[in-house]
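Colleague: Before I ask anything, here is the structure I am working with.
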2 protein chains.
Amino acid sequence: MTTEKTITIALDGTGGDKVDGKSIASAVRFAVTLCPNLKVLVFGDQDLKVALEREKIDSKAYEFICAPECIPQDEDPRRVLESYKNASMRKAIEAVRDHKADVIVSSGGTGPLVTLSRHILGVMENMRPALCARIPAGPNKYSLMLDLGANALSTSKDLLSFAKLGHCAYKALYDVATPRVSILNVGQERNKGNALVKEARDHIEEVDQINCCGFVEADKLFYDAADVIVTDGFTGNVALKAAEGVAKAFLNATGIKKFFSKLSRPDWLIPWQYNGSLLLGVKGLVIKSHASAGNEAIAVALVQAAKHASLKIVENIESELKKLN
Amino acid sequence: MTTEKTITIALDGTGGDKVDGKSIASAVRFAVTLCPNLKVLVFGDQDLKVALEREKIDSKAYEFICAPECIPQDEDPRRVLESYKNASMRKAIEAVRDHKADVIVSSGGTGPLVTLSRHILGVMENMRPALCARIPAGPNKYSLMLDLGANALSTSKDLLSFAKLGHCAYKALYDVATPRVSILNVGQERNKGNALVKEARDHIEEVDQINCCGFVEADKLFYDAADVIVTDGFTGNVALKAAEGVAKAFLNATGIKKFFSKLSRPDWLIPWQYNGSLLLGVKGLVIKSHASAGNEAIAVALVQAAKHASLKIVENIESELKKLN
């Protein structure tokens, strides 16, 4: 028996590269076992319904809602908005808007997720929404990095927006008064880099409440060099994928090396252990799971979603944003 | 006794973060031991001269030339050109121009190295010079990736130039008729990414002789997904540093994990084993060693430099470029 408040997650059950009914159902079972105060609203097709029933999950812990349409990852934004009225992604986001769920989790395409979230939930005042990952920075330590691809092109003012959102989110998540905010660049020195990052640095330095620590290089991403790492969506996406590629090369050793690899790897760097990016800047809690995530990774995203919802981070970000000049 | 032609390397002995006389001298000793047909012209200060003497290297294998000035990594390009007449970097590049050396190796700042190389050696017709790394793509396999930071800002025409240089360099280095040329992007699909990469793709596709394979994602960088990976200098620099940071996190395991890490690591991914980037597009062979490279890494750069010089890759690139429409 738990006295914790129940957290309701709306789960988009059709998006993602690897997502079959069995993976989703198994992730739901993992998550509700780990978090007894969780309720999952699963939006999906008939196959998923059957898979859920097979997992024999406590019927009070989840609810299935039939929403069989799947939005292709690269669908045109206009068509995303005009069509797909029965898409599981749309229905799951609407559940957050209608206060039937505290948070939505999707492994669907970034484009459709950002487009629908902005449209259905609305955008925080003057903010440019960004996808924000919690990246490992040592054992039990995380940095927030944004944008990771919500925007194809960013201005220096957009980067200022990301810095504000990251600052407020870090405060809300980790209860640190003045998180160190840095901009990803090709060098640490003030005169390094292109006009975008230099202008962004100047804008961020003008915000008194933000502890702007200048530039950070990509080889320091996982070394706790900054609490919030600000970057444009193109660079951020490339940097994180490059890091994941190398981590997988080390983890996917074969033969006898595989055995030693398991004994040697830094546990805090295992990619699926930090699945689940936040879409910051929209008026509702939206979590993007990796498109090719396996069931452990989706379960991690669900558990993180519950934690973020219980911290009321959207409400906290909105009230922190009001304190910035 | 060897009948191979002697290769002469001009080594800039003052640049780099970690470069003390002892590291440089020790790298020279490693390199000339590995390659008996090597002669190194070492440009540097008095300390370096003493360090070289202490290493007891065969006096026929190297020559010391006093050029004590060091150009700061972030020196203004105009000052780089107008001052520093006795800089070791300048003198070493001039040795290549004057046919006293086959190749120059420097751990100095990318900015000064690119500025001086362009000025002293000249640029290949219509080309935009780019820094090109040989990145591991599996055991005994490499991809070429460029630009890694010779340019702070690139246009789509610059990326076309990088594609041409990479195509020609790959042919010269690995004797492959039609290397696979791809552009680094946030997704593989044709409609993914920003205008820069899409326009670059269109330009590259117009060159009949280049085997343009579209886009490649950063998590495939080390998986032999392309022979030549084209990117702007900002993104390329960030991607490679992100990868290096993760590799180091795995390699720098501590305690018992350190032991298992040595047994498990994929040997082809050890960063210092592929030190030494080529500055392509200038009329002379210029190799940039990592600024924070230790002595093994500098030795690797010297050995690679000798190999590239013996392949006459600058001459080969120039003749291959003439074949492109």
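The values are calculated or read from the model by the stated rules, or taken from the named source; none is laboratory data. Model, not experiment: these values are computed from the prediction. When we count neighbours, we look across all protein chains shown, and the Cβ atoms used for this are built from the backbone with ideal geometry, even at glycine.
Colleague: Quickly run through the stretch A:207-231 and pick out the residues that are of a type outside the set (A, V, I, L, M, F, W, C) and more than 9 Å from chain B (Cβ to nearest Cβ).
Modeller: Within the stretch A:207-231, A:Asp208, A:Gln209, A:Asn211, A:Gly214, A:Asp224, A:Asp227 meet the criteria.
Colleague: Sticking with this structure for a sec: Which one of these is of a type in the set (Gly, Ala, Ser) and over 23 Å from B:Gly294 (Cα atoms): B:Ala133, B:Ala101?
Modeller: Result: B:Ala101 is the single residue among B:Ala133, B:Ala101 that is of a type in the set (Gly, Ala, Ser) and over 23 Å from B:Gly294 (Cα atoms).
Colleague: So which helices (runs of 4 or more DSSP H) are wholly in the stretch A:1-92 and hold at least 3 residues that are in contact (Cβ under 8 Å) with a residue 60 or more places away in the chain? So that I can check it myself, show each step before the final result.
Modeller: Details: elements: A:21-34, A:46-54, A:77-82.
In the stretch A:1-92, the matching helices (runs of 4 or more DSSP H) lie at A:21-34.
Colleague: Let me ask another. Does the stretch B:59-72 contain any residue that is among the aliphatic types (A, V, I, L, M), buried (at least 23 other Cβ atoms within 10 Å of the Cβ) and closer than 24 Å to B:Asn275 by Cα?
Modeller: yes
Colleague: Report, ordered by the first and then the second residue, all pairs with beta carbons closer than 8 Å, sequence separation of six or more or different chains, a first member in the stretch A:121-133 that is closer than 22 Å to A:Ala301 by Cβ, and a second member that is aliphatic (A, V, I, L, M) and surrounded by fewer than 21 Cβ atoms within 10 Å (Cβ to Cβ).
Modeller: Matching pairs, first to second residue: A:Pro129/A:Val123.
Colleague: So which residues in the stretch A:130-163 are touching a Ser or Thr at 6+ places or on another chain (Cβ under 7 Å), part of a loop (DSSP other than H, G, I, E, B) and either at pLDDT 95 or above or surrounded by 22 or more Cβ atoms within 10 Å (Cβ to Cβ) (or both)?
Modeller: A:Asp147, A:Leu148, A:Gly149, A:Ala150
Colleague: How about the stretch B:207-228: which of its residues are of a type in the set (A, V, I, L, M, F, W, C) and either part of a loop (DSSP other than H, G, I, E, B) or in contact with a Leu (Cβ under 9 Å, 6 or more places away or on another chain) (or both)?
Modeller: B:Val207, B:Ile210, B:Phe215, B:Val216, B:Ala218, B:Leu221, B:Phe222, B:Ala225, B:Ala226, B:Val228, listed by residue number.
Colleague: Okay, moving on. May I ask you to verify whether B:Leu240 is within 25 Å of B:Leu285 (Cα to Cα), within 14 Å of chain A (Cβ to nearest Cβ) and in a loop (DSSP other than H, G, I, E, B)? Walk me through it before giving the result.
Modeller: Values: within 25 Å of B:Leu285 (Cα to Cα): yes; within 14 Å of chain A (Cβ to nearest Cβ): yes; in a loop (DSSP other than H, G, I, E, B): no.
When the stated conditions are applied, B:Leu240 does not pass them.
Colleague: Let me ask something else about it. In the stretch A:164-206, which residue that is part of a loop (DSSP other than H, G, I, E, B) and surrounded by 15 or more Cβ atoms within 10 Å (Cβ to Cβ) is farthest from the other protein chains (Cβ to nearest Cβ)?
Modeller: Among those residues, the one meeting the criterion is A:Pro179.
Colleague: Any residue that is under 23 Å from the mean Cα position of the chain (by Cα), farther than 30 Å from B:Lys192 by Cα and surrounded by fewer than 17 Cβ atoms within 10 Å (Cβ to Cβ) - is there at least one of those in the stretch A:37-46? Break it down stepwise before answering.
Modeller: If we filter the stretch A:37-46 for residues that are under 23 Å from the mean Cα position of the chain (by Cα), which is where we start, we get A:37-44.
Restricting the remaining residues to those that are farther than 30 Å from B:Lys192 by Cα gives A:37-41.
Still in the running and surrounded by fewer than 17 Cβ atoms within 10 Å (Cβ to Cβ): A:37.
Yes, the stretch A:37-46 contains at least one residue that is under 23 Å from the mean Cα position of the chain (by Cα), farther than 30 Å from B:Lys192 by Cα and surrounded by fewer than 17 Cβ atoms within 10 Å (Cβ to Cβ).
Colleague: Would you confirm, using the coordinates I've provided, whether B:Asp102 is within 23 Å of the chain's Cα centre (by Cα), without any contact (Cβ under 8 Å) to a residue 24 or more places away in the chain and closer than 30 Å to B:Glu4 by Cβ?
Modeller: No.
Colleague: A:Ser83 is checked against (1) closer than 21 Å to A:Ala297 by Cβ; (2) hydroxyl-bearing (Ser, Thr, Tyr); (3) loosely packed, with under 15 Cβ neighbours inside 10 Å and fails just one. What number does that condition carry?
Modeller: Exception for A:Ser83: condition (1).
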